[in-house]
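One structure is given here, and the rest of the page talks about it.
The values are calculated or read from the model by the stated rules, or taken from the named source; none is laboratory data. Quick caveat: nothing in here was measured; it's all calculated off a predicted structure. Neighbour counts run over all protein chains shown; Cβ positions are idealised from the backbone, glycine included. Only protein heavy atoms, including side chains, enter the accessible area calculation; ligands, DNA and RNA are left aside. Shrake-Rupley method; radii C 1.70, N 1.55, O 1.52, S 1.80 Å.
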Amino acid sequence: MKGETIEDGVRLTFDNNNRFKTLLGEHNKNLRYIEESLEVKANVKGNEINLFGDYYDVKIAEKVLVELYSLLEAGYPVYANDVDYAVRIVRSDSAVNLKDIFLDTVYISSRKRTITPKSLSQKMYIDAIREFDIVFGIGPAGTGKTYLAMAMGISFLRKKEVDRIILARPAVEAGEKLGFLPGDLYEKVNPYLRPLYDALHDMLDFEKASNLVHRGVIEIAPLAFMRGRTLNDAFVILDEAQNTTSEQMKMFLTRLGYNSKAVITGDITQIDLPVGKTSGLVEAQTIVKGIDGIRFIYFSEKDVVRHRLVRDIIRAYDSYEASIPEAGCKA
């Protein structure tokens, strides 16, 4: 493909009709999204696209189209969501190469779906997990913190870089309400662990996942079960860490043994601890942030990879809470 400057815009010419049609999307849906999100005008004629509008917006649209086409040439199946991610990525950093992000395969799920980072922060997160032994992923819901950590854990397990995966979550209300629930201990804590099972079964078929859990290769347990243990040769994920107390966070961080990695995820705007209790995740940012070998990665609504409305909802709540000082008390 080639690009050339024309009056008030840019002309892009693509050399493969099939890839060009895929790039445009069904009924030009992908191109229409680029037009609307970047406020540019696009005219299609044959295998050419003419882009018009503000110079900066046109250059962003040009880069998005060129880089998505390059991904198609590399065999990457570009979906509608990828166009949204690409626009967001290039808009935030026009020097980025989308191939470095979208072709960084973390894991291929049982459904043959390739799991890759979808934003700059997700790419930084993946790279940090590879390089550092303890990584904190902090940000709002829907940014892939737990999902990508799970995918990395399974990848490490398959490559035999660890012997087991341990997934933990605090059961916030365990001290007061759990005892009144019917059933044995497993039945009482299972609702807290359900999201971890859901993520696991999204990556491994049910039989495979169940077998690994039954053999103890993958362990899903309340955070309290970590006390007194030393976790060697393990990939450990602590989810919903904003709901740990100071003592629980210290306990968890000091469980790490030889040849192990720990990923701690949480959203410090969604703390459910009783009033007066300090979040272990909030406190850890002050206590351990400067330690060599520990990395903090922060996500924002720009990294949300769920429905577009989730991103808008997070932004709306952030704006609302920022306008009401008291709202920050119940983070």
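I want to confirm something. Restricting to the stretch 196-211 and keeping residues that are free of Cβ contacts under 8 Å to residues at least 40 places away in the same chain and either surrounded by fewer than 18 Cβ atoms within 10 Å (Cβ to Cβ) or not small (Gly, Ala, Ser) (or both), which single residue is nearest to PRO222 (Cα to Cα)?
TYR197
Hey, could you check the stretch 40-91 for residues that are of a type in the set (Asp, Glu) and in contact with a helix residue (DSSP H, G or I) (Cβ under 6 Å, 6 or more places away or on another chain) and say which is farthest from LEU23 (Cα to Cα)?
ASP57
Of the numbered conditions (1) out of contact with any Asp or Glu (no Cβ under 6 Å at 6 or more places or on another chain); (2) polar (S, T, N, Q); (3) closer than 18 Å to ALA224 by Cβ; (4) open to solvent by 20 Å² or more (accessible area, probe 1.4 Å), THR269 fails exactly one; give the number of that condition.
If we test THR269 against (1) out of contact with any Asp or Glu (no Cβ under 6 Å at 6 or more places or on another chain); (2) polar (S, T, N, Q); (3) closer than 18 Å to ALA224 by Cβ; (4) open to solvent by 20 Å² or more (accessible area, probe 1.4 Å), just (3) comes out false.
Out of all the residues in the stretch 58-108, which are open to solvent by 20 Å² or more (accessible area, probe 1.4 Å), farther than 30 Å from THR146 by Cβ and of a type in the set (Val, Ile, Thr)?
Within the stretch 58-108, just VAL66 meets the criteria.
Return the only residue of LEU231, LEU281, LEU223, LEU256 being hydrophobic (A, V, I, L, M, F, W, C), open to solvent by 10 Å² or more (accessible area, probe 1.4 Å) and closer than 22 Å to LEU196 by Cα.
LEU256
Looking at the stretch 138-159 only, could you name the residues that are in a loop (DSSP other than H, G, I, E, B) and either among the aliphatic types (A, V, I, L, M) or closer than 22 Å to ILE220 by Cβ (or both)?
Answer for the stretch 138-159, where residues must be in a loop (DSSP other than H, G, I, E, B) and either among the aliphatic types (A, V, I, L, M) or closer than 22 Å to ILE220 by Cβ (or both): ALA141, GLY142, THR143, GLY144, LYS159.
Between a first residue in the stretch 60-83 that is over 18 Å from GLU4 (Cβ atoms) and at pLDDT 95 or above and a second residue that is small (Gly, Ala, Ser) and surrounded by 19 or more Cβ atoms within 10 Å (Cβ to Cβ), which pairs have beta carbons less than 7 Å apart while being 6 or more apart in sequence or on different chains?
LEU68/ALA86
Give LEU178, LEU231, LEU196, LEU157 a once-over and let me know the one that is modelled with pLDDT under 85 and closer than 25 Å to ILE294 by Cα.
From the options LEU178, LEU231, LEU196, LEU157, the qualifying one is LEU196.
Would you pick out the residues in the stretch 29-47 that are over 21 Å from ARG91 (Cβ atoms) and either loosely packed, with under 15 Cβ neighbours inside 10 Å or of a type in the set (A, V, I, L, M) (or both)?
ASN43, VAL44, LYS45, GLY46 - these are the residues of the stretch 29-47 that are over 21 Å from ARG91 (Cβ atoms) and either loosely packed, with under 15 Cβ neighbours inside 10 Å or of a type in the set (A, V, I, L, M) (or both).
Which of the helices (runs of 4 or more DSSP H) contained wholly in the stretch 31-137 include at least 2 residues that are within 14 Å of the chain's Cα centre (by Cα) and within 30 Å of VAL288 (Cα to Cα)?
120-131
In the stretch 82-93, is there at least one residue being farther than 26 Å from THR116 by Cα and not aromatic (Phe, Trp, Tyr)?
No, the stretch 82-93 contains no residue that is farther than 26 Å from THR116 by Cα and not aromatic (Phe, Trp, Tyr).
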